[in-house]
Amino acid sequence: MAQHKSVTAEYIAELNTGFQTKAKRVEEPGLDWPKVQKRLVTGTFPYKTALDRVEQGWTHDEIETELRIRTGFEAGHPLPLPRVIAPQNSLGITNSLGGSLLKRHTFICCIACVLSLATWSHAQAVPTATSTSQIQIGAAGTFINSDYSKNQKGFSIYGDFDFFHNVGIEGDIHFALITPADISENSYLLGPRYSWHYKRFHPYAKALFGIGRFGFQQGYFPSASTSTHGQFALGGGLDFKVSRHINVRAFDVEFERWPNFPPNGLTPIVYNFGVAYVLR
């Protein structure tokens, strides 16, 4: 893969200089460990990883962000260092601001979609008797749009208990499995949910609260390290009734906020699509 256009020859030379400077310590007398372990201890590991990322086509700021994370970790800081502000995009807006605007517009669009479906449902539905309680348990594929590192993929387990026709609670557990930067963001959430019903369509909105687990995974990092943070999420989606006992989650989106994550919090967006078994 060709290197990204934002990665200049000067930056590659800077990475090589950093690597060579650290590599000199590998040959120092008195270090009797294997070379692989020496590289971890002496600090060449982050620079070697950064040079690999150049060949993989990562952008300058993605490489620099990961380099700061890895050098900070090896210096004894298990929590992330401040993130790097990304360069301007094609609209002349920095990625940091652009990401916030994109999330805000996506949130507005999703809420508008849910409310539109709800309004349509209310206008078209024929009044029915109040339904009995209902439970559904499902599994979903998950895409995590992270504002910290590269995007992640995984799976989720979710459950809903509707104790009234429109009102219930939802619990979600999100696991990141495919983590290109060896950084994971897992969530454990529970909160109220309001749903609307029209024929086979069931749009809903939810507000969830819980904890998030941020982790450096063993692989490119010498050892695993995790930290726990409080979080909340606003979201919504659409369930489609396939049969009496099967619902398909056509889409689900959660706008998460980790307010206590240093230095300025995290705001990932989590997308899910899956299928659930319904207990009636």
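Bear in mind these aren't lab numbers, they're just calculated from the coordinates by the rules spelled out. Note that this is a predicted model, so its numbers are computed, not measured. FYI the Cβ positions are ideal-geometry reconstructions off the backbone, even for glycines, and counts take in every protein chain you see.
Quick look at the numbers
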{"item": "Criterion: within 14 Å of the chain's Cα centre (by Cα) and not in a loop (DSSP other than H, G, I, E, B) - qualifying residue of G212, G237", "result": "G212"}
{"item": "So E185, is it touching a Phe, Trp or Tyr at 6+ places or on another chain (Cβ under 7 Å) and under 30 Å from T49 (Cβ atoms)", "result": "yes"}
{"item": "Condition broken by F161, with the remaining ones in (1) among the aromatic types (F, W, Y); (2) over 14 Å from the mean Cα position of the chain (by Cα); (3) within 15 Å of A140 (Cα to Cα) satisfied", "result": "(3)"}
{"item": "Qualifying position, being crowded, with 20+ Cβ neighbours inside 10 Å and either under 17 Å from E170 (Cα atoms) or touching an Asp or Glu at 6+ places or on another chain (Cβ under 7 Å) (or both), among G212, G191", "result": "G212"}
{"item": "Unmet criterion (only one of (1) surrounded by 15 or more Cβ atoms within 10 Å (Cβ to Cβ); (2) on the phi < 0 side of the Ramachandran plot; (3) not β-branched (V, I, T)) for D182", "result": "(2)"}
